[in-house]
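Q: Structure in structure tokens, see below.
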Amino acid sequence: MSLTVKHFNTWAASLAYEHRPDYFNYLREHADDADVLHLSEVHSCTDDTVPEFVMPEDKGHRIDPLHVKQLQRLQQVLSDTHDVHFVAQLRGLHDLDDSQQSVLYGNVTCVRKGLMYDIKEAVVFGNFGDLNTEHAGGTPAAKSAHSILLIKDGKCYQSGHTHGHWHRNGKVDTPHRFMQFTRFMEFLDNHRTADPTGMFADALVIAGGDFNLTSECEALEVMRQASSFVGDGVILNHEFAEPGQTLETRTGWYPKEKPHREANFVIVDPRAYVEYFSVDDSAPSDHCMITTVLS
């Protein structure tokens, strides 16, 4: 009588190249008890002339190349148990690199087979194909999102996911971040209210992902106070943090000298009972795997 939702920034599955050859086994094991598995930084490519792993020119702190055919591997690994939905936001290797036009980059949502659900996708910031042009006085890259309305054990839920855009000044409030997360929550509202049956009007909502924010960001409050929730939403990172501390969502692959170890958040409807919440810092990424069980 519960729903299990997981959120994971895959770091483009780059660690599968050498350092974490168990990468897809790890995802397979987590999918086994996930009704919904939200993944970000996923590439897709069916071009046989493109190798499976490609290192972008701007690799950041990544030590291994991007897995540019991760979607195709996910479809193989999870096809027996989950429907795998991909929503692209641009062509290329990452927010700054469109050198590989046969590669798509975006987010994935995996839904357990047998559940009754409806899924929608959207680009909630910019336009499909927009690269990050902040260095030239422009805007961040396009960002996509998924929304799922689903029924489990007679109860209605909505799960929304997006990947907050990167900004050269770090995890700070910006007009573009307010814009992305406002549009993201409006996207969830529009999906839920457009349901002709009306049965999802009181659905329990969960919204999460690598928002690229910290607890100090007002943009987080934009989501928490959104009309998607019946009353203000509950930020589970704050509920489950040690008193006086922030909940770290980064693994040991994230550089120790970086000033913030927050990034990923989960916000739920205040009516939801949280049976379980965990942050796994052994994940094969520079981000933790986050598991939430609601009833």
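Q: Only residues that are basic (Lys, Arg), surrounded by 16 or more Cβ atoms within 10 Å (Cβ to Cβ) and farther than 17 Å from Val293 by Cβ: list them for region 150-172, please.
A: Lys171 - this is the single residue of region 150-172 that is basic (Lys, Arg), surrounded by 16 or more Cβ atoms within 10 Å (Cβ to Cβ) and farther than 17 Å from Val293 by Cβ.
Q: Name the single residue that is farthest from His167 (Cα to Cα) among those in region 89-133 being in contact (Cβ under 8 Å) with a residue 24 or more places away in the chain and of a type in the set (Ser, Thr, Tyr).
A: Looking at residues that are in contact (Cβ under 8 Å) with a residue 24 or more places away in the chain and of a type in the set (Ser, Thr, Tyr), I get Tyr117.
Q: On to the next question. For residues in region 223-268 being among the β-branched types (Val, Ile, Thr) and over 17 Å from Leu213 (Cβ atoms), which is nearest to the chain's Cα centre (by Cα)?
A: Thr251
Q: Among the candidates Asp189, Asp210, Asp195, Asp269, which residue alone is out of contact with any helix residue (DSSP H, G or I) (no Cβ under 8 Å at 6 or more places or on another chain) and under 16 Å from Ser40 (Cβ atoms)?
A: The unique qualifying residue is Asp210.
Q: Among the residues of region 250-261, is any crowded, with 22+ Cβ neighbours inside 10 Å and part of a loop (DSSP other than H, G, I, E, B)?
A: Within region 250-261 (the criterion being crowded, with 22+ Cβ neighbours inside 10 Å and part of a loop (DSSP other than H, G, I, E, B)), the answer is no, since none of the residues qualifies.
Q: In region 1-21, which residue that is within 21 Å of the chain's Cα centre (by Cα) and farther than 29 Å from Ser295 by Cα is surrounded by the fewest Cβ atoms within 10 Å (Cβ to Cβ)?
A: Arg20
Q: Okay, moving on. Out of all the residues in region 203-243, which are in a strand (DSSP E or B) and modelled with pLDDT under 95?
A: none
Q: State all residues of region 183-202 that are part of a loop (DSSP other than H, G, I, E, B) and either surrounded by 15 or more Cβ atoms within 10 Å (Cβ to Cβ) or β-branched (Val, Ile, Thr) (or both); if no residue qualifies, say none.
A: Asp195, Thr197, Phe200
Q: A follow-up question, please. Looking at Asp98, is it more than 29 Å from Ala203 (Cα to Cα) and in contact with a Gly (Cβ under 6 Å, 6 or more places away or on another chain)?
A: yes
Q: For Tyr26, indicate whether it is hydroxyl-bearing (Ser, Thr, Tyr), crowded, with 19+ Cβ neighbours inside 10 Å, on the phi < 0 side of the Ramachandran plot and assigned to a strand (DSSP E or B).
A: no
The values are calculated or read from the model by the stated rules, or taken from the named source; none is laboratory data. Please read these numbers as outputs of a predicted model, since none were measured by experiment. Note: ideal-geometry Cβ built from the backbone for every residue, glycine included; neighbour counts use all protein chains shown.
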